[in-house]
Amino acid sequence: MLGGLIAWRVMRLRAEGESGRAGARLHVRMVSWFGAITVLPALVVAVFAVVTVNLGLNAMFAGHVKEALGSAVNVAQHYVKEHERGIIGDAY
């Protein structure tokens with residue numbers, strides 16, 4: 001959102017520069033530098049937060065999820081075998 005606002009401001013300043021307003025080129029340069037200085041740290045923090053949270057949640061829940069899925073597969077296999085026996089018994 002911040003990047004969008006800065007891009008909008010730069011586009012507006014460029015339009016003013018084409019109209020011949022004095023100092024518009026310097027203003028565009030200053031807004032561009034300010035935008036880069038403010039957006040880059042926000043992106044670095046966002047990437048760091050995503051990686052940290054992803055690794056933390058993965059470490060916390062990986063064992064529990066594997067155990068739950070293993071149990072679910074085991075129950076499903078027993079269910080299928082039981083019904084297979086019942087169908088074979090009904091067929092005889």
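For segment 41-58, state whether one or more residues are modelled with pLDDT under 90 and touching a helix residue (DSSP H, G or I) at 6+ places or on another chain (Cβ under 8 Å). Yes, there is a match, as at least one residue in segment 41-58 is modelled with pLDDT under 90 and touching a helix residue (DSSP H, G or I) at 6+ places or on another chain (Cβ under 8 Å). Scan segment 32-56 for residues that are open to solvent by 80 Å² or more (accessible area, probe 1.4 Å) and either farther than 17 Å from W8 by Cβ or in contact with a strand residue (DSSP E or B) (Cβ under 6 Å, 6 or more places away or on another chain) (or both) and jot them down. Within segment 32-56, I37, L40, L43, V44, V45, V47, F48, V50, V53, N54, L55 meet the criteria.
For segment 60-69, a tally of residues being open to solvent by 80 Å² or more (accessible area, probe 1.4 Å) and hydrophobic (A, V, I, L, M, F, W, C) returns 3. When R9, R29, R14 are screened for being open to solvent by less than 100 Å² (accessible area, probe 1.4 Å) and of a type in the set (K, R), only R9 passes.
The values are calculated or read from the model by the stated rules, or taken from the named source; none is laboratory data. A quick note: this is a predicted structure, and the numbers were derived from the prediction, not measured. Note: ideal-geometry Cβ built from the backbone for every residue, glycine included; neighbour counts use all protein chains shown. For accessibility, only protein heavy atoms count, side chains too; no ligands or nucleic acids. Shrake-Rupley method; radii C 1.70, N 1.55, O 1.52, S 1.80 Å.
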